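Asks: Below you'll find the structure I mean.
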Amino acid sequence: MTNETWGLVREELIKRVGRTNYATWIEPLKLSHLRNGVARFEVPTSFFGDWVNRNFADHIRAQLNTAGAQVERVEFTVSDRPAAPAPAAAAAPAPATKAKPARSADAEDMPGAPLDARFTFDSFVVGKPNELAHAAARRVAEGGPVTFNPLFLYGGVGLGKTHLMHAIAHELQARQPHLRVLYLSAEQFMYRFVQALRERQIMDFKELFRSVDVLMVDDVQFIAGKDSTQEEFFHTFNALVDQNKQIVISADRAPGEIKDLEDRIKSRLQCGLVVDLHPTDYELRLGILQQKVELYRSQYKGLAISDGVLEFLAHRITTNVRVLEGALTRLFAFASLVGREITLELAQDCLADILRASDRKLTIEEIQRKVAEHYNIRLSDMIGPKRVRTIARPRQIAMYLAKQLTPRSLPEIGRRFGGRDHTTIMHGVRKIEELMATDSQLNDDLQMLRRLLQG
Ligand code: ADP
Ligand code: MG
């Protein structure tokens, strides 16, 4: 069986099991052996194999047979290579593989990337950190007269840039099916360009890219330092702007901060509207989780998750939305597999690796620095011996936050506070807890510091 056949089988499986299940459970599978009626797949963990076996083995076998493979049994073995797809990655819905092509009518000659059907405006949760980006995307999606060109969206990994771009494309195509909307990543742009050069079809390439009505290029930072691709991008960009065609660009940072990007491109990119997606805040994360739970409700009938668990996740997993979604997916799958209620303990158990990775983000040093800044004392005083209240109190606050926001033990925290004894740390933590009951200023301070530290 060739890889192409397995590719076709996978396509078919998407239809059978749904996109989320596919991305979570089928995509990470590696076909390692197909002989004597046995198809063997490598899986990242035994839990994973177990789950796929129970839920999808029949589908997989059926589809393999439809593709002519004559399989009687499907097996799953844990791969002995050092867990390549980490459980977190495996459980997180992977990026779309193949979905609706970005252009319906003559999809064959539109070199766009497929759009993920899940990435719509409906499924995009709006909060303070992304409201501007969302509003700008909405405006472009209305398809009215071009008012800002390009729309440049930027922000860290997993904050919703690709989601918003796909949402724009979906919306435009629903409203104005005649529009030629082309979405692709900067990497694909480069790939197409190089291919056109190699096959001496550069004129076709230029014509194609200049004939679209809306061009969307994702992750444009990728072309930094790639000279001829930048050059071509620049010309394409200008040609479209001259024709008053809408352009939407995303990147992981602001135009001026992309290293090795030509200055003339930078300034071109800054000509339109530049908006950033800020790191998520607690409310947004909670909102996204609640939305996801709604979606899962039909899939995992009877499995409830309490607000407490959602709040816990929103507090603890602050890195990016993809990780947050992956955590929830895994939690539901795990709970339904072991037939247990989703409790806080189950979440801590099942998500230990994700929680740990998320925690690692925040160090005691960072806490000390932020607290020192906030109270206008020196960082060295956090560690030093001074006992005056104006210094000792902030120090205790930092101890308290270190205990709360990091997984470090009291002795470990003590070491980072200039080698203090763990009983001193415990005393500090208790003191703050005591004061919290009566001191509202302290509570405000803590809330603000927590927000600053957790993004
Ligand atoms: P980026 O392109 O910025 O790295 P993506 O757009 O791929 O991030 O988003 C990562 C994942 O998080 C996707 O599954 C996306 O649907 C989800 N996501 C991000 N922001 C939101 C949001 N505001 N509401 C709902 N889902 C979101
Ligand atoms: Mg992206």
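The values are calculated or read from the model by the stated rules, or taken from the named source; none is laboratory data. This one's a predicted model, so the numbers in the text were calculated from it and none came from an experiment. Counting neighbours? That spans all protein chains shown, and the Cβs are built from the backbone with ideal geometry, glycine included. The area values use the complete protein model at the heavy-atom level, side chains included, leaving out ligands, DNA and RNA. Shrake-Rupley method; radii C 1.70, N 1.55, O 1.52, S 1.80 Å.
Asks: In the range 166-206, which GluC sites (Glu not before Pro) fall in coil by DSSP and have 12 or fewer other Cβ atoms within 10 Å?
Replies: Answer in residue order: GLU199.
Asks: Run through the DSSP bridge list for the chain and note the antiparallel percent, rounded to the nearest 5.
Replies: Percentage antiparallel, nearest 5: 20.
Asks: Quick one: pull the percent of accessible area on the range 330-455 belonging to carbon and sulfur, 1.4 Å probe, ligands and nucleic acids left out.
Replies: The value for the range 330-455 is 48 percent carbon and sulfur by accessible area.
Asks: Just the accessible area per residue of the range 287-356, please: how many Å² with a 1.4 Å probe?
Replies: That works out to 45 Å² per residue.
Asks: How much accessible area per residue does the range 168-252 have, counting only protein heavy atoms and a probe of 1.4 Å, in square angstrom?
Replies: 44
Asks: With an 8 Å Cα cut-off and a minimum separation of 6 or more residues, compute the relative contact order for the range 209-332 in percent.
Replies: It comes to 22 percent, rounded to a whole number.
Asks: Hey, another quick one. For the cross-link pairs LYS292/LYS370; LYS370/LYS431; LYS386/LYS431, which exceed 28 Å when the distance is taken from alpha carbon to alpha carbon?
Replies: Flagged as over cut-off: LYS292/LYS370.
Asks: Suppose every K and R has +1 on its Cβ and every D and E has -1 on its Cβ; what is the size of the dipole of the chain about the Cα centre, in Debye to the nearest 20?
Replies: Around 1040 debye, computed over the chain.
Asks: Rounded to the nearest 0.05, what FRET efficiency do VAL194 and HIS235 have when you use their Cβ-Cβ distance and R0 = 22 Å?
Replies: Efficiency computed from Cβ-Cβ geometry: 0.90.
Asks: Relative contact order for the range 3-78 using alpha-carbon pairs under 8 Å, separation at least 6, rounded to a whole percent?
Replies: Value for the range 3-78: 35 percent.
Asks: Quantify, in whole percent, the carbon and sulfur part of the accessible surface of the range 3-78 (1.4 Å probe; protein heavy atoms only).
Replies: With neighbouring chains kept in place, the figure for the range 3-78 is 40 percent.
Asks: What residues have an amide H closer than 5 Å to that of GLN246, excluding those fewer than 5 places away on the same chain, when H is modeled at 1.01 Å from N in the peptide plane?
Replies: LEU215
Asks: Next question, about the same structure. Helix-derived [θ] at 222 nm for the chain: sum -39500 (n - 2.57) over DSSP H runs of at least 4, divide by residue count, nearest 500?
Replies: After summing the helix terms and dividing by the residues of the chain, the value is -16500 deg cm²/dmol.
Asks: Report the Cα centroid-to-centroid distance between the range 395-434 and the range 145-174 in angstrom, as an integer.
Replies: What the calculation gives is 45 Å, centre to centre.
Asks: Given a cut-off of under 8 Å on Cα pairs at least six residues apart, what relative contact order in percent is computed for the chain?
Replies: 12
Asks: If you don't mind, there's one more thing I want to ask. Taking the Cα-to-Cβ direction at MET203 and at ASN55 and moving 7 Å from each Cα, how far apart do the two end points lie in nm?
Replies: Rounded to a tenth, the inter-label distance reads 5.3 nm.
Asks: Okay, moving on. Quick check: the distance between the Cα centres of the range 208-236 and the range 286-365, to the nearest angstrom?
Replies: 38
Asks: So which lysines pass the test for LYS266, namely a Cα distance under 18 Å, with those fewer than 8 places away in the same chain ruled out?
Replies: Of all the lysines, those that pass the test against LYS266 - Cα under 18 Å, at least 8 places apart if same chain - are LYS226.
Asks: Now, a different point. Classify the range 160-303 as rounded, prolate or oblate from the Cα gyration tensor: take a ≥ b ≥ c as the square roots of its eigenvalues, call it rounded if a/c is under 1.5, otherwise prolate when a/b beats b/c and oblate if not.
Replies: Prolate shape, in that a/c is at least 1.5 and a/b is the bigger ratio.
Asks: Kindly identify the chain as rounded, prolate or oblate by the Cα gyration tensor criterion: order the square roots of the eigenvalues as a ≥ b ≥ c, call it rounded if a/c is under 1.5, otherwise compare a/b with b/c, prolate if a/b is larger, else oblate.
Replies: Note, shape of the chain comes out oblate.
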